[in-house]
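A.B. asks: Take a look at this one; I'll ask things after.
Every number here is computed from the coordinates shown, using simple stated rules; none is lab data. What you see is a predicted model, and the numbers here were worked out from it, not measured in a lab. For neighbour counting, all protein chains shown are included, and Cβ atoms are generated from backbone atoms with ideal geometry for every residue, glycine included.
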Amino acid sequence: MNVFNHFEALVRARIDSLSAAGTLPGGLDCGNVKVEPPRDAAHGDLAVNAAMVLAKQAKMPPRAIAEPLAAALAEHPDVDTADIAGPGFINLGLSPGFWRGRLADALLAGTAYGNCDAGAGEKVNVEYVSANPTGPLHVGHLRGAVFGDALSALLRKAGYEVCEEYYINDAGAQVDTLARSAHLRYREALGDDIGAIPDGMYPGDYLKPVGRALVERDGDRWHDADEADWLPAVRDFAIAAMMRHVRADLAALGITQEVFYSERSLHDSGMIDKAVASLRDKGLIYTGVLTPPKGKTPEDWEPRPQMLFRATDFGDDVDRPLQKSDGAWTYFAADIAYHYDKYTRGFRRMIDVWGADHGGYVKRMRAAVRALADGDDADLDVRLCQIVRVLRDGEPVRMSKRAGDFITAREVLDEVGRDVVRFMMLTRKNDAQLDFDFARVEEQSKDNPVFYVQYAHARVRSVLRNVAETLPDIDTAPDALARADLSRLTDSAELDLIKRVAHWPRTVEAAAQAHEPHRIAFYLYDLAAAFHGLWNRGNEDPDLRFIIAGDERLTAARLALIQGVATVIASGLSIMGVEPAEEMR
């Protein structure tokens, strides 16, 4: 149960009843009525804005609405208090019995607790990573990869039908450069002294195995051949080799994407022509002359007629060219075609996860999707992931993909493990810079969120193992604990922990709607902190310990509480792609 949605429906039902009784006007639009956590927990459990948002419609002062509504809500058996604050906000305090019932819900649902149908089965395409196939994934790619995968899992938990997709940029100059760089390593594998790698080529050692593998397949066939003959073959071979690396690195990260979409296929299939034709049919293509960039006109600027897309009609700053001077399609034209293909595959909701350096591209791409949708309810949400600053012993670690000495994703995974990488990549909002400190992620302290959350789960599992050995008459199965006498949970810290557990369904729904999986990491950290706080109180006061000798009913109730915490931690970690720890060593 999402407690806030539940009481939102109750508030609207009470408004309808008051309208039927003539206390309030009829036909009130309750679409903006919300029930949310109060800003100050001392004010109660729920805050209701109904009187404030209905006052203008009802032509009544807010308090004149709040007073009968608060009285009606106070009659509900789950409501202990209904107080009016300020000009008309209603603060509700719910009964302890209601909250204890939500703990039982969590125990019975298991890790499915928090699942909801907010998405109503709507199809969503989440495209992420999409690194150029010119080398292995580096640490910067890890953030977008984890973000995209966690967001996909979050959306599924919220009831969406999700397709995870990777766009292979296998057309254009960068893959020709890859082919030429691989050919150098091929010649090297045949015994040539290739000298220093020329500027503009990819110098990384990761291409040496590609050169050797090409020799094994083709011998010296391409050694003396003209570039026009060997370039296509070497390019295809190198791209395939790089994508095998990419897939292997993603698999090591726990990611399996359903679709790998080739940019080249857009050119070969005529999809770009179809997308441009669609825009032309809508009157959105014209021949025009772009003005030069303000303040920095290139010396070789030549105003000339170009095929332009009316991007300004859909919120972009300028109209955008779709063809180069040689008649080839621009990158933007290919990107339009790719999203047109997504649209024709039935995706009205598209989410692209890009690096922060692509921020200037967002407006034009969103404009293109709106234009292609032609008034249909379609949307593109672009999530930009800021850079990851890698530290070792407090010092920044230099990365240079062009120089070939960058930190690869696999190096990071091999050193600290998948779970640490995935959790840490979600400890900041995607558009905030993130520091990945190798020293910090190995600390066993509350300053290390990975350890802190995992330790909470491991502590619960340790208590339950202890009970199984010392008090075998207590059934610690979650469904049995759900039937425990939860009324024995009366301490304020115990009730606070129950409320935090009960907030989990709302957290899932809100994070999914906002496309913000970092909220899951934040929630889990706060839940773990509350649990550790209760554990520490038990160390100080034996009466608050989870296992009470001679009182099995109280022990069972407290075991139900901590099992509820472990259940929600496991549910949250599953979204993040992290395995919950059974014990800490």
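A.B. asks: If you take the C-alpha gyration tensor of the chain, multiply each eigenvalue by 5 and take the square root, what semi-axes do you get, largest first, in whole Å?
C.D. replies: After scaling each eigenvalue by five and taking roots: 52, 35, 18 Å.
A.B. asks: Further question on the same structure: With a cut-off of 8 Å between alpha carbons and a minimum separation of six or more residues, what is the relative contact order of the chain in percent?
C.D. replies: Over the chain, the number comes to 17 percent.
A.B. asks: Exposed loop sites here are GluC sites (Glu not before Pro) in DSSP loop states with at most 12 other C-beta atoms within 10 Å. What is the longest stretch of the chain lacking them?
C.D. replies: The answer is 300-581.
A.B. asks: Can you compute log10 of I(q)/I(0) for segment 505-544 with the Debye formula, treating each Cα as one identical point scatterer, at q = 0.29 Å⁻¹?
C.D. replies: Calculated log10 I(q)/I(0) at the listed q: -0.88.
A.B. asks: So what's segment 173-252 giving for Rg/Rh, alpha carbon basis, Kirkwood Rh from the mean inverse pair distance?
C.D. replies: Result: Rg/Rh = 0.96.
A.B. asks: Here's a follow-up. Can you give the % of DSSP beta bridges in the chain that are antiparallel, to the nearest 5?
C.D. replies: 45 percent
A.B. asks: In whole Å, what are the Cα extents of segment 3-94 along the three principal axes, biggest one first?
C.D. replies: The Cα atoms of segment 3-94 stretch 32, 25, 20 Å along the principal axes, largest first.
A.B. asks: Can you give the translational diffusion coefficient of segment 74-176 in µm²/s, computed by Stokes-Einstein from the Kirkwood radius over Cα pairs at 37 °C and 0.692 mPa s?
C.D. replies: 180 µm²/s
A.B. asks: So if the hydrodynamic radius of segment 434-535 is defined as the Kirkwood radius over C-alpha pairs, what does Stokes-Einstein give as its diffusion coefficient at 37 °C and 0.692 mPa s, in µm² per second?
C.D. replies: 207 µm²/s
A.B. asks: Quote the relative contact order of segment 146-295 in percent (integer), defining contacts as alpha-carbon pairs under 8 Å separated by 6+ residues.
C.D. replies: Computed over segment 146-295, the figure is 32 percent.
A.B. asks: What lysines does K324 reach when the alpha-carbon gap must be under 21 Å and sequence neighbours fewer than 8 apart in one chain are set aside?
C.D. replies: Within reach: K274, K294, K296, K363.
A.B. asks: Follow-up. Taking Cα pairs under 8 Å and at least six residues apart, what relative contact order does segment 3-94 come out at, in percent?
C.D. replies: After rounding, I find 26 percent.
A.B. asks: Follow-up. Over segment 338-416, consider all pairs of different Cα atoms and compute the Kirkwood hydrodynamic radius from their mean reciprocal separation; express it in Å, one decimal.
C.D. replies: One over the average 1/r among Cα pairs gives 15.5 Å for segment 338-416.
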